[in-house]
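The values are calculated or read from the model by the stated rules, or taken from the named source; none is laboratory data. What you are looking at is a predicted structure, and each value in this text was computed from that prediction instead of being measured. Positions of Cβ are generated from backbone atoms using ideal geometry, with glycine treated the same way; all protein chains shown enter the neighbour counts. Each accessible area value is taken on the protein alone, full model and side chains, heavy atoms only, with ligands, DNA and RNA left out. Shrake-Rupley method; radii C 1.70, N 1.55, O 1.52, S 1.80 Å.
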Amino acid sequence: MKIEGFDHGSRGLGVRNYQLILPSVVCSTHISRRIANAVNAVTFSHQHGCGIIGADVAGIGDFFASLADHPNVSSVLIISLGCETIQGQELAEKLVAKNVSTKYQIIQDSGGVEATVTAGTASARSLQDSYPAKRIQLKDFRVGIDAPSNSAIIRDLIGALRALNIQTDLVSGKSPADSFSHLMEKKVHLILSFPTGDQPASGFPLIPVINIASESALHQAISADFDLPAETTVVNIVKLIFEVANGQETIAETNKSGEILAPRLVRST
Amino acid sequence: MNNSPLKAYLRPNGSWGLRNHILVLPLHSALSSSARAIEEASQGAVAITHDWSGEIDADLERIVSTLAGFASNPNNFATIFVTLDSPNERRIIERAKLLGLSNFVHLSLADVGSMHKLVDVGTREADQLIARALLQDRIPAPWSAIVLGLECGGSDALSGITANPALGVASDMLVDLGATSILAETTEILGAEHLLAARAITPEVGVEIVNTVLRYESSINYEGIDLRGAQPSRGNIEGGLSTLEEKSLGAAKKAGNALFTGVLEYAEVPAVPGLFFMDTPGHDIEQLTGFAAGHVNIVVFTSGRGTPTGSATMPVIKVATNTPMATSLKDLIDLNAGTIADGVESLSEVGNRIFNEIVAVANGKETKAERGGHHEFSLSRLYN
Amino acid sequence: MRKILILHSSDNVAVCLSEIGNGEVIEQDGKKFSALESIPRGHKIAIANIELNEGIIKYGERMGHAISRITAGSHVHVHNVLGDRLSSGEV
């Protein structure tokens, strides 16, 4: 089974062609969303980047860097306020060394909100023009699995995927969002999520997520949010993996659902 | 009855709203996107995004009281809860009702059937509530209707000289008239806690102020970080700050010279008018969120470097500490206190301008952050 | 145009609103004296004589104490002032 992917240069080969508008601090999340909406790019709301100390300074910086370096990303525009702990310019300079399709915009140096939205939108569009989608057959396809337990279907599924020489990563996080962030850092192209009965189906802005229902009352009530029912089979899952990897939108992608949970260890000062 | 020029929305529990919002509040992070979609599709509802997925840990109670307080803020005409109908989510709704929320709708994903339907149903509910809210008129309100939050962020060497002490003049005027004013950011008063304690109305309140700072320091020191060691920082000293007390006084002067009536925990609603200190982090948005959950209905936010952030429920008035920034970032600054540093206006002149702006915004004048659609929100966790 | 900012009536220091030159005369808010050295913008100038260990009063509050005698018109900063609270232990 072939997968038609995207060539993202030093970021590697991806199954989606997303431009990421990356707010380096909570104060630039709204402007980032306005720019993302204007140019049909991906962004996320978060509360970090300032007032962090100790291990969180490197932790959050590295987390933002791994988002910007993900293989599904074609180019990155960092939106910074200017006085935050995780300096947008420093983050950009670190990233440009690896991925040349990276720019940044600083609100405090751009003349305010509207001027930043205007300049940021133009900058994002110029990145899109300079780095148009380049199709290429995908190699080293990597699938992440968010599953609470190593149940029978998971073991069979991993066996089937390994047989097709697809690499897999299994994570059981505190919540789907927690698992998705860890799987993103492992640069998985696509995620299979088996949320526990009390968690809804949800997605992750940069990575297509296939949601498989459980038998829980909640999941039966919201079956329309799941890509596959509880009684699905490994064959059906593998079939859908290839359809999604080749461009078919998952339900979470259609709903644009799912927030990005950044890993924090220490309270804010 | 002191005849105040205020007109506001009277809530069933006797508190006053300075806005009449329909708030769309997801109680699970995965429902944030639906809340945002409802906000976009509706005729003017406001929504927030957060990252709590129902985890049960040491921060659960802090999160429950924050979401319940935010939902019941008097600036909300009504709140639409978007939930999975879990036990802790129901507890948040019950707590919000105890805190005074009377108009609300509870949309459960399971009842509605899918995230897509949630947006359609939620938008319809929001538009109906918006229509009802338009029928409510502002009526004359006493000075005690104002619950003012005092905040600073992106401070510079002039913060402690211009915007902060000028805001202190306005805060003293309002407290004298019977309003409520709340100072916060425990990290900012580090080193001046004994000076603030000396302004407490009782010795017990004074001890509470000092203990709040010591508790904060111990919650940070386990990281082996002594915040006092690095304060004032090299940059501060270059800017003219000589001691830790001087730097902290520069922040604390947002609260003028009035006496402290009490100390509030994070997201705690004050029971009586007066000047309070709330234990919040210095993180701008965790503080704004703690204020909103504590039923603050208007905020003045001083800044040296400039920030566009605001709140879904509270109007946030931005005061610049210096004229160059107030000029270059016009569309995110409401008022310039830099004229003090320019030697053109006195502290009391700018203090009175801030006071008049608070009254105008309380009566409905839109702030730059509201016009820009800034609804930043941030749960506050201690991770211990 | 005001050259210095006195934040509270009981203060014994003021903030320089612009760079003050050595010998520059300051006559404002009922006070008259001349600067004994050049003082950068945002830094403090003594507007009264301050004895050794006497409190430095700004905003009407004690922000530290003098570690040498300071005459009116002098630059007040880390070289002649120390905070009262050196460690977090003291309450």
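Please list the non-local residues whose amide H lies under 5 Å from the amide H of A:Y104, H modeled 1.01 Å from N, same-chain partners needing a gap of 5 or more.
Under 5 Å from the amide H of A:Y104 lie the amide H atoms of A:I78, each far enough along the sequence or on another chain.
Beyond a 19 Å Cα-Cα separation, which of these cross-linked pairs lie in this structure: B:K247/C:K58; A:K134/A:K256; B:K253/C:K31; C:K3/C:K32?
Over 19 Å apart, Cα to Cα: A:K134/A:K256; B:K253/C:K31.
In the protein assembly as shown, carbon and sulfur make up what percent of the accessible area (probe 1.4 Å)?
Within the protein assembly as shown, the accessible surface is 54 percent carbon and sulfur.
Could you work out which residue, out of A:A147, A:A119, A:A245, moves most in a Gaussian network model of chain A, that is, has the largest mean-square fluctuation with Cα springs under 10 Å?
Taking springs between Cα atoms under 10 Å, the residue moving most is A:A119.
Using the eigenvalues of the Cα gyration tensor, what equivalent ellipsoid semi-axes result for the stretch A:4-135 when each is taken as the square root of five times the eigenvalue, whole Å, largest first?
Rounded to whole Å, the semi-axes are 23, 18, 12.
For chain A, what is the mean residue ellipticity at 222 nm derived from helices alone (per DSSP H run of n ≥ 4: -39500 (n - 2.57); sum divided by total residues; nearest 500 deg cm²/dmol)?
Computed ellipticity for chain A at 222 nm equals -10500 deg cm²/dmol.
Residues with beta-carbon under 10 Å from that of B:T339, excluding B:T339: net charge, scoring Lys, Arg +1 and Asp, Glu -1?
On the way: positive: B:R353; negative: B:D342, B:E345, B:E349.
After counting each charged neighbour, the total is -2.
In the stretch A:196-269, what GluC sites (Glu not before Pro) fall in a loop by DSSP, with at most 13 other Cβ atoms inside 10 Å?
Qualifying residues, ordered by number: A:E215, A:E231, A:E249.
Express in % the proportion of alpha carbon pairs of the stretch B:21-134 at distances exceeding 26 Å.
In whole percent, the share of Cα-Cα pairs in the stretch B:21-134 beyond 26 Å is 10.
How would you rank B:152-162, B:315-325, highest first, on the average number of other Cβ atoms within 10 Å across their residues?
Per-residue mean Cβ counts within 10 Å order the peptides as B:152-162, B:315-325.
What are the lysines whose alpha-carbon lies under 22 Å from the alpha-carbon of A:K139, with same-chain residues fewer than 8 places away excluded?
Candidates past the 8-residue exclusion: A:K2, A:K98, A:K186, A:K187, A:K239.
For A:81-91, what's the mean count of beta carbons from other chains sitting within 10 Å of each residue's beta carbon?
2
How high is the relative contact order of chain B, in percent, with contacts defined as C-alpha pairs under 8 Å that are six or more residues apart?
So the answer I get is 22 percent.
Relative to the longest principal axis of the C-alpha atoms of chain A, give the angle of the C-alpha long axis of helix A:55-68, reported between 0 and 90° and rounded to the nearest 10°.
Between the helix axis and the principal axis of chain A, the angle is about 70 degrees.
With label points built 7 Å along Cα→Cβ from the Cα atoms of B:R124 and C:N53, find their separation and express it in nm.
Spacing of the two 7 Å Cα→Cβ label points: 8.0 nm.
For the stretch C:31-47, take each phi angle, set θ = phi - 60°, evaluate the Karplus expression 6.51 cos²θ - 1.76 cosθ + 1.60, and give the result in whole Hz per residue in order, putting x for glycine and proline.
Karplus-based 3J(HN,Hα) across the stretch C:31-47 equals 10, 9, 6, 10, 6, 8, 7, 7, 10, x, 4, x, 8, 9, 10, 6, 10 Hz.
Report the extension gain between A:K186 and A:T254 in nm, rounded to one decimal, defined as 0.36 nm multiplied by the number of residues separating them, less their alpha carbon distance.
22.1 nm
Please list the non-local residues whose amide H lies under 5 Å from the amide H of B:L190, H modeled 1.01 Å from N, same-chain partners needing a gap of 5 or more.
Distant-sequence amide H within range of B:L190: zero hits.
What value in Å³ per residue do you get for the convex hull of the alpha-carbon atoms in the stretch A:140-255?
Residue-normalised Cα hull volume stands at 90 Å³.
When Cβ neighbours within 10 Å are restricted to other protein chains, what is their mean count per residue of peptide B:207-215?
Per residue, the number of nearby Cβ atoms from other chains is 1 on average.
Once both axes come from the Cα atoms, what is the angle between helix B:163-176 and the longest principal axis of chain B, in degrees from 0 to 90, rounded to 10?
70
Going highest first, how would you order B:60-69, A:68-77 by mean Cβ packing within 10 Å?
Sorting B:60-69, A:68-77 by mean packing, highest first, produces A:68-77, B:60-69.
Which aspartates and glutamates does A:K94 reach when only Cα atoms under 16 Å apart count, and residues fewer than 8 places away in its own chain are ignored?
Reachable aspartates and glutamates: A:D62, A:D69.
Counting alpha carbon pairs within less than 8 Å and at least 6 residues apart, what relative contact order, in whole percent, applies to the stretch A:4-135?
That works out to 30 percent.
Give the angle, between 0 and 90 degrees and rounded to the nearest 10, that separates the Cα long axis of helix B:347-362 from the longest principal axis of the Cα atoms of chain B.
10
What are the residues whose amide H is under 5 Å from the amide H of C:Y59, where those residues sit 5 or more places off or on another chain and H is modelled from the backbone?
C:L7, C:H8
Can you give the translational diffusion coefficient of the stretch A:82-165 in µm²/s, computed by Stokes-Einstein from the Kirkwood radius over Cα pairs at 10 °C and 1.306 mPa s? Working shown, then result.
On the way: Rh = 17.2 Å.
Once the numbers are plugged in, D ends up at 92 µm²/s.
Inside 10 Å of the C-beta atoms of A:46-52, what's the mean count of C-beta atoms belonging to other chains?
6
Over the stretch A:140-255, what is the mean sequence separation of C-alpha contacts under 8 Å (at least six apart), divided by residue count, expressed as relative contact order in percent?
Result for the stretch A:140-255 is 24 percent.
Enumerate the calculated ³J(HN,Hα) couplings along the stretch B:279-284 in order (Karplus 6.51 cos²θ - 1.76 cosθ + 1.60, θ = phi - 60°), each rounded to whole Hz, writing x wherever the residue is Gly or Pro.
These are the phi-based 3J(HN,Hα) values: 6, 10, x, x, 3, 3 Hz.
What list of ³J(HN,Hα) values in whole Hz, one per residue of the stretch A:227-242 in order, does the Karplus curve 6.51 cos²θ - 1.76 cosθ + 1.60 (θ = phi - 60°) give from phi, with Gly and Pro shown as x?
Rounded to whole hertz, the list is 6, 9, x, 4, 8, 5, 10, 4, 4, 5, 5, 4, 4, 5, 3, 5.
Given the protein assembly as shown reduced to its alpha-carbon atoms as identical point scatterers, what log10 I(q)/I(0) does the Debye formula return at q = 0.08 Å⁻¹?
With one equal scatterer per Cα and no solvent, log10 I(q)/I(0) is -0.67.
When the Cα centres of the stretch A:232-249 and the stretch B:311-336 are compared, how far apart do they sit, in Å?
Spelled out, the Cα-based centre of one part sits 51 Å from the other.
Provide a list, ordered by number, of residues in the stretch B:271-307 showing at least 40 Å² less accessible area with every protein chain present than when their chain is taken on its own, using a 1.4 Å probe.
By number: B:H283, B:R305.
Roughly what would the spin-label model give for C:T71 and C:K32, points 7 Å off Cα along C-beta, in nm?
Those two pseudo-labels are separated by 1.9 nm.
Going 7 Å from the Cα of A:I153 toward and past its Cβ, which residues in the stretch A:253-269 have a backbone nitrogen under 20 Å from where you end up?
Counting only backbone N, you get A:253.
What does the extension gain come out to for A:A55 and A:A217, with contour length at 0.36 nm per residue minus their alpha carbon separation?
The span from A:A55 to A:A217 would gain 54.3 nm if fully extended.
For labels at B:L259 and B:S218 in the simple 7 Å Cα→Cβ model, what's the distance in nm?
If labels sit at B:L259 and B:S218, their model points lie 2.9 nm apart.
Using only the Cα atoms of the stretch C:32-91, what do you get for the radius of gyration and for Dmax, in Å?
12.1, 41
So how strong a dipole does the protein assembly as shown carry about its Cα centre when Lys and Arg Cβ are +1 and Asp and Glu Cβ are -1, to the nearest 20 debye?
1060
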